[in-house]
Structures are given as structure tokens and as C-alpha cells.
Number of protein chains: 2
Amino acid sequence: MMKKSTILDVAKRAGVSSSTVSHVLNHYDDIGEETKKKVLAVAKELDYAPNYAAKRLSSKNKKQIALILNEINVTRGVAMPLEILGGVIEALDKTEYEFVFYAVNGRKQKMKSLKQFCGERDISGLIIQGLTTEDPYYHELKRLDVPTVAIDMTVKNGSVGSVSIDNQAAAAEVARRLLASGNKKILFINGSNNAAVAMEREAGVRSVIAHPLISYANFSEEMAFQIVEQMERIEEIDAIFAASDLMAIGVIKALKKRNVAKKIDVVGFDDITLASYITPSLTTVRQNIPEFTKVAVADLIQQIETGKVVQKYIPYEIIVRDSARL
Amino acid sequence: MMKKSTILDVAKRAGVSSSTVSHVLNHYDDIGEETKKKVLAVAKELDYAPNYAAKRLSSKNKKQIALILNEINVTRGVAMPLEILGGVIEALDKTEYEFVFYAVNGRKQKMKSLKQFCGERDISGLIIQGLTTEDPYYHELKRLDVPTVAIDMTVKNGSVGSVSIDNQAAAAEVARRLLASGNKKILFINGSNNAAVAMEREAGVRSVIAHPLISYANFSEEMAFQIVEQMERIEEIDAIFAASDLMAIGVIKALKKRNVAKKIDVVGFDDITLASYITPSLTTVRQNIPEFTKVAVADLIQQIETGKVVQKYIPYEIIVRDSARL
DNA sequence: CTGAAAGCGCTTACAG
DNA sequence: CTGAAAGCGCTTACAG
């Protein structure tokens, strides 16, 4: 493998200075046509590729947006991180900001703070998803002075932007429609109490049903299954509302096993791919992830450039399928 | 936002030279205990974060492995890119190589060659997935002198490593077992003829069945659905083998619509999450993606360090479910 | 229109 | 054990 050629190699061979090469390659408009052609030809001939690190180090223009995804690979069947990744890359593609990807987990969060990461990499702004209130980064966000937009997650402090649906309103609407369609006794299976969105969904349910039955299944299909499988006097329940589709699927499996699937309405949350494929197909709350990412990128760039921080709700949609004819 | 502090700021404040700071921070063992403590304290005090670009530019040690994923966000329900991403990050985490992520599509491939990318970023090795034979990068791989391992994809040229199942053998085994369980007339629905694995699967089928019925559905659920929905004399078909689970699901939907689902065996390929959730649950060929990524990373590092290129098969597994009791 | 030179913030022989 | 200095490969005022 030949030694990589540098801007100086190109300059020498083209008989010009490296400043001139730099100007040509960066599309400055102050270079003679002849010179430009010559330089371009030589650059191609030498397979010149400008060193990225040198470019970043020397340039004043440091527009970089990092996407931070936590615990990317935990749950089979849930593609949100992938949708966000694809969406952010696509949206950033149309801007002058460069994309930097950083996948973390609890351990990595402890090893390197957000501030460290942003400092090392000259990050102008952050899009972040997947943190629970137990995560170090969640708390660091509140005092971080780097523009940030959180996706599907709200941070109490006002200096962090966010894009999500109105989880409380959505859950309230589901609860209301469950009641309206004749259900009296409703069980709400929540994920955990360290995810902001889960707490909001629970608040929504509580706003409509004074004393709801509530269980926690840690966003796990298996745990939701067990809860319903072992529940006593299940016949008294009219409907089960789960804070995620995966848990709702666990519920449906358990109801089927107990032969009461037809009598009990089930509603999920997210509209993952599975929701429309299982039997019965799952009534659920759809979140428009592509829209989340587009808005997050736009809001973040605005925040970087003007300092304006917004917390935005994206419209949700209740998708009625066979598991509950709301 | 305060100006970022540099190594020189730390050095001055600690009353030492920047070389000393560098040595302390990079865990050289030739620094006095006192000095070390002082430097560390000052670094923390100033929230010092070593500039990444400067570090890369100046350092001799440039161990970086890039993961290149093509068309990351096309198909809902297919999580392979995410599994690979998570797996590669995790595997790399245990090595001294750094992770670089690069998501491309047809347009980006045209704008920047692999060679350019590797040159700019000082990439020591490449893991790549998702290319078809129509992709520019697919062809560039053959003449690229950067160590590379392809996942779920074979490149004819011997200088590219690969990790996949033996697609031909797997498809042949499915065909054989379909015959063995009494099916006579078998339709093979393939994806496309520009994906290496698709061609291998077809070769496997042909190796067992002399003149198989073959259709192409471009890996699309909808297209597979239409093919089966509109097929004449479907009652003459005993079994349908699709080259992907998504297409198999389209097949099942169409068979259900035509009320012949119970009479016709269906087998898919991949074992995506959906496979076990649909009704009837789908018999399919499972690929062990986590294993793919582990092996790919190990092979790539070996290739970088010793030059040895291997093309490796990972064992597949035929998962028998309700759609075909093989 | 083009070039000389400083500077970005590190690492790394080398000297002492 | 510590420091002075060169060098990594670019960009960018500035001068002409």
C-alpha cells in the first residue's frame, strides 16, 4: 500500500502552493481556470484524500451534530433506534452539519461524561434518545451547556429541547375511549418508573380513571405475560392497556393461553411492526418516528444558531385494530 | 460557554510541560507520583478534554475500524442493520480499535469512493454489509487494498473476507426436507438477482430440484403477496419457499386470503422477529447475527494484523414452526 | 490570482 | 523523571 499523498504532494506536482490546492479543493472562486484544472487533475491522479483529522483541527468551521443512542441493542422487535439513526442521518444530509454517532450504555456513560465527549469532538449539538432517569447522562443534561434535543423523552430542566408525542394526552385518550366503549375495570400495565414517558402515560391514565389498577412489567413482553397469566379473577377485568406494544403482546399471549382473549380489550403503545401482524392485531398508539427525527434535527439547528429551546409535541394517532374496537 | 482548555493550559497551571501532561494522561509510567497527581488534579479542575482531531493527527497509533452499512432504513421489520451495529460496537469495545460508523446509500457511494473514505479517515479495516452487485462499493471492494470483511454477503474476489451462513447448503436442505415431507411441486420465491446471497439460495434450490418453479419478488412482502394472490392453479402447488421471511409473510397473507393456507407449506429465510409472531408461525432458516458480528470483527483484526483473508460460514439452523412441519 | 507562514492541539523521539 | 522542539496535514488571514 502506497503512502498516502498529502496536500503538499499535490501542490508540488501541480507546481503551486498548498494554499492554492486548498482553495481549489474547497471551491473558493479566486483561482485561475488553468490552475484549477491542473490541481484537480493532479489530485485525481494521486488519489488525494484530504486528511479528516487535519481538516477538523485546522478549520474554524466545526459544525458537528452527534446522535447519542443509549442501549441500542436490547429489545428484539423494537426498531426505534434504527429509525432514529436513519432519520437523523438523512435529515443532517441536507444541512451543513456533519453527523457523529455515539452509542453508549451504562458503563460508557460512567467512563466518559457528555461534557468530555462534546469537548473532545467539538460537538455543536446533541440529539439524544433512550435515557432513563437512572442514567448518568440524563442528569448531566440538565447542567450541560451544549445545545441538545431529546427524542421520545423529556428532561425537566428547561434548557433541553425535546420532541415526543404528548404521552399523557395519548394515554388519557386511550383510557377515555376504553371507558366509552363500555369497559369498566381497566388494568394499566406500565413499563417502569424510571422512564419519563412511562410516568407521563401513567399520569394520563390516572387523569381519567380515579383508581386504576396498575402493574409494572419493565417493558418486558415476558413479564407482562406472567402478570396476566398469574392474575387472579381475570374475568373481572374488562380491558388491559399496556404502555408498550411488546408488553401488550405478552398480555395477548397470556389471555390466549387462559382462553379469555376475546372478552378482554387490549391496547398497546408505539405501533411497532409486530402490532399489525399478531393475532388479534393490536390496537395501539402510533408515534411518527420519522417526523420525530426531522423535527429534532430542525429544532436542534435552530437551538444552535439562535439559542431558542423548544419542547415540541408531535401528533400521535390511535390505530384501532382487532384487539380493541375503540 | 468558556473557552475549551488545551493541554497547554493544563501544563501551565500545573507548572509542567505539555509533554509531561501528555505522558500522564496517556498513562506512561515514567512520571513522578507528585507530578502525576498535580497534573490529574489540574486536568479535572479545568475539565480538560483532549482534542480528538489533534490526537488523531499527531498520533502514530491509528487503529480504526469502520462499519459501513448500506441502505440502513429501508425495510420495516428487518432489524439486521441494528443487530450488526450493536454487535460490532460491542465486539470492538473489547479491542484497541476504535469504531467509526458510516451509513451510505447509492448516492453517497457515488459521491465518495471507499478509497477516499478510508484515506480521509485513516481507516485500518472495514466491515461492510448490505451491498448488492449493483452497488459501486461492491465492485470497488475487489480492488481496494484496505482489509475488509463482508457480512451476509460474499464478494467473488479472494481478497475480501466474509462471514455468512452457507446459503446454498441451507436452501438445499430446506428444499430436500420439503420434498422429504411429501411436497412435490415447490415454488421458490427469490428476492432479486443482484444480491449474492439470493443467488446462492437459488443455486441451493436448483441443486435439489431439477426444474423448480421460480418467481422474483424483490424481497418485498407486497410483491410476494401479489404473486401468490394472482397465481393461477394454486391448488397444484404443495409448498412455497421464500428467500426471506418478509416475502414468506406476504405469501402467507395471500394464501390466507385464498383460503389455502392450510394446504400449502411455507418456509422463509432469516428468522426475523415477526416469524414467530404471525399465524401460522413461520418455519424458517435462522442466521445467528450476533455470531456474524463477533466473527467478522475477529477475522478483520486478524486480517489487519496478519494479512490472512478468510471466508467463513457460520452454522445456520432450520427453525420448524407451524407453516411447514418439516 | 497566488504564495509564505502561522496556527490548530496534540504526540513523540531525543536530550539531559 | 521532565522539557524543548519538531511534526502530523490541513486552513486561513495577509501580503503582493
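The values are calculated or read from the model by the stated rules, or taken from the named source; none is laboratory data. Quantities reported herein were computed from a predicted structural model and do not represent experimental measurements. Quick reminder, even Gly has a Cβ in these numbers, built from the backbone with ideal geometry, and neighbours come from all protein chains shown.
Counting only residues that are free of Cβ contacts under 8 Å to residues at least 40 places away in the same chain and β-branched (Val, Ile, Thr), how many does the stretch A:107-128 have?
Of the residues in that region, 0 qualify.
Out of everything in the stretch A:14-65 that is small (Gly, Ala, Ser), in a loop (DSSP other than H, G, I, E, B) and surrounded by fewer than 13 Cβ atoms within 10 Å (Cβ to Cβ), what residue ends up being nearest to DNA strand C (Cβ to nearest atom)?
Of all residues in the stretch A:14-65, those small (Gly, Ala, Ser) come to A:14-15, A:17-19, A:22, A:32, A:41, A:43, A:49, A:53-54, A:58-59.
Pick out the ones that are also in a loop (DSSP other than H, G, I, E, B) and you get A:15, A:17, A:32, A:49, A:59.
Then drop every residue that is not surrounded by fewer than 13 Cβ atoms within 10 Å (Cβ to Cβ), which leaves A:15, A:32, A:59.
Details: A:GLY15: 7, A:GLY32: 3, A:SER59: 8 Å.
Top of the filtered list is A:GLY32.
Modelled with pLDDT of 90 or more and within 10 Å of DNA strand D (Cβ to nearest atom): does that describe B:THR35?
no
So A:ILE189 clears everything in (1) at pLDDT below 95; (2) outside any helix (DSSP H, G or I); (3) surrounded by 15 or more Cβ atoms within 10 Å (Cβ to Cβ); (4) hydrophobic (A, V, I, L, M, F, W, C) except one condition, right? Which one?
(1)
Out of A:GLY161, A:GLY125, A:GLY119, which single residue is at pLDDT below 95 and of a type outside the set (Asp, Glu)?
Numbers: A:GLY161 fails: at pLDDT below 95; A:GLY125 fails: at pLDDT below 95.
None of the other options fit; the residue is A:GLY119.
Within the stretch A:61-83, does at least one residue satisfy the condition of being within 16 Å of DNA strand D (Cβ to nearest atom), at pLDDT below 95 and over 27 Å from B:LYS60 (Cβ atoms)?
Yes, the stretch A:61-83 contains a residue that is within 16 Å of DNA strand D (Cβ to nearest atom), at pLDDT below 95 and over 27 Å from B:LYS60 (Cβ atoms).
For A:ARG286, indicate whether it is within 14 Å of chain B (Cβ to nearest Cβ) and among the basic types (Lys, Arg).
yes
Residue by residue through the stretch A:272-306, note down the ones that are of a type outside the set (S, T, N, Q), over 15 Å from the mean Cα position of the chain (by Cα) and buried (at least 21 other Cβ atoms within 10 Å of the Cβ).
A:LEU274, A:ALA275, A:ILE278, A:LEU282, A:VAL285, A:ILE301, listed by residue number.
Which one of the conditions (1) out of contact with any strand residue (DSSP E or B) (no Cβ under 8 Å at 6 or more places or on another chain); (2) within 16 Å of DNA strand C (Cβ to nearest atom); (3) more than 9 Å from every other protein chain (Cβ to nearest Cβ) does A:THR75 fail to meet, given that it meets all the rest?
(2)
Would you confirm whether any residue within the stretch B:253-270 is outside the structural domain of B:ILE127 (by TED's automatic domain parsing), without any contact (Cβ under 8 Å) to a residue 24 or more places away in the chain, surrounded by fewer than 24 Cβ atoms within 10 Å (Cβ to Cβ) and of a type in the set (Gly, Ala, Ser)? Quick ask: steps written out before the conclusion?
Of all residues in the stretch B:253-270, those outside the structural domain of B:ILE127 (by TED's automatic domain parsing) come to B:253-270.
From the residues that got through so far, the ones that are without any contact (Cβ under 8 Å) to a residue 24 or more places away in the chain too are B:256, B:259, B:261-262.
Checking which are surrounded by fewer than 24 Cβ atoms within 10 Å (Cβ to Cβ) leaves us with B:256, B:259, B:261-262.
Add one more test, that the residue is of a type in the set (Gly, Ala, Ser), and what stays is B:261.
Yes, the conditions are met somewhere in the stretch B:253-270.
Under the condition of being surrounded by fewer than 16 Cβ atoms within 10 Å (Cβ to Cβ) and within 11 Å of DNA strand D (Cβ to nearest atom), which residue from the stretch B:1-13 is farthest from B:GLU98 (Cα to Cα)?
Among them, the one singled out is B:LYS12.
Among the residues that make up the stretch A:315-323, is at least one of them surrounded by 18 or more Cβ atoms within 10 Å (Cβ to Cβ) and of a type in the set (A, V, I, L, M, F, W, C)?
no
Might you let me know whether the stretch A:21-38 holds any residue that is at the interface with chain B (Cβ under 8 Å from one of its Cβ atoms) and of a type in the set (A, V, I, L, M)? Even if it seems obvious, please write down each step before you answer.
First pass over the stretch A:21-38, keeping only residues at the interface with chain B (Cβ under 8 Å from one of its Cβ atoms): none.
No, the stretch A:21-38 contains no residue that is at the interface with chain B (Cβ under 8 Å from one of its Cβ atoms) and of a type in the set (A, V, I, L, M).
Taking the condition of being within 7 Å of chain A (Cβ to nearest Cβ), closer than 30 Å to B:LEU131 by Cα and of a type in the set (A, V, I, L, M, F, W, C), how many residues in the stretch B:54-72 meet it?
Matching residues across the stretch B:54-72 total 1.
Does the stretch A:252-306 hold any residues that are of a type in the set (Ser, Thr, Tyr), touching a Ser or Thr at 6+ places or on another chain (Cβ under 6 Å) and over 19 Å from A:ARG177 (Cβ atoms), and which are they?
Matches in the stretch A:252-306: A:THR279 only.
Scan the stretch A:284-299 and tell me whether some residue there is free of Cβ contacts under 8 Å to residues at least 40 places away in the same chain, aliphatic (A, V, I, L, M) and farther than 14 Å from A:ASN167 by Cα.
No, the stretch A:284-299 contains no residue that is free of Cβ contacts under 8 Å to residues at least 40 places away in the same chain, aliphatic (A, V, I, L, M) and farther than 14 Å from A:ASN167 by Cα.
Can you run down the residue pairs with Cβ atoms below 8 Å, 6 or more apart or on separate chains, where the first is in the stretch A:80-91 and facing chain B (nearest Cβ under 10 Å) and in contact (Cβ under 8 Å) with a residue 60 or more places away in the chain and the partner is assigned to a helix (DSSP H, G or I) and among the charged types (D, E, K, R)?
Qualifying pairs under 8 Å: A:GLY87/A:LYS294.
Mind listing just one residue for me: the one in the stretch B:1-13 that is assigned to a helix (DSSP H, G or I) and either β-branched (Val, Ile, Thr) or within 11 Å of DNA strand C (Cβ to nearest atom) (or both) and, of those, farthest from the other protein chains (Cβ to nearest Cβ)? It would help to see each step written out before you state the result.
Of the residues in the stretch B:1-13, the ones assigned to a helix (DSSP H, G or I) are B:7-13.
Then drop every residue that is not either β-branched (Val, Ile, Thr) or within 11 Å of DNA strand C (Cβ to nearest atom) (or both), which leaves B:7-11.
On the way: B:ILE7: 12, B:LEU8: 15, B:ASP9: 12, B:VAL10: 13, B:ALA11: 17 Å.
The qualifying residue farthest from the other protein chains (Cβ to nearest Cβ) is B:ALA11.
Return only the number of the condition from (1) in contact with a Phe, Trp or Tyr (Cβ under 8 Å, 6 or more places away or on another chain); (2) more than 14 Å from chain A (Cβ to nearest Cβ) that B:PHE101 does not satisfy.
(2)
Just to confirm my filter: which helices (runs of 4 or more DSSP H) fall fully inside the stretch B:83-184 and include at least 3 residues that are surrounded by 18 or more Cβ atoms within 10 Å (Cβ to Cβ), of a type in the set (Gly, Ala, Ser) and not assigned by TED's automatic domain parsing to the domain that holds B:GLU71?
By residue number, B:167-180.
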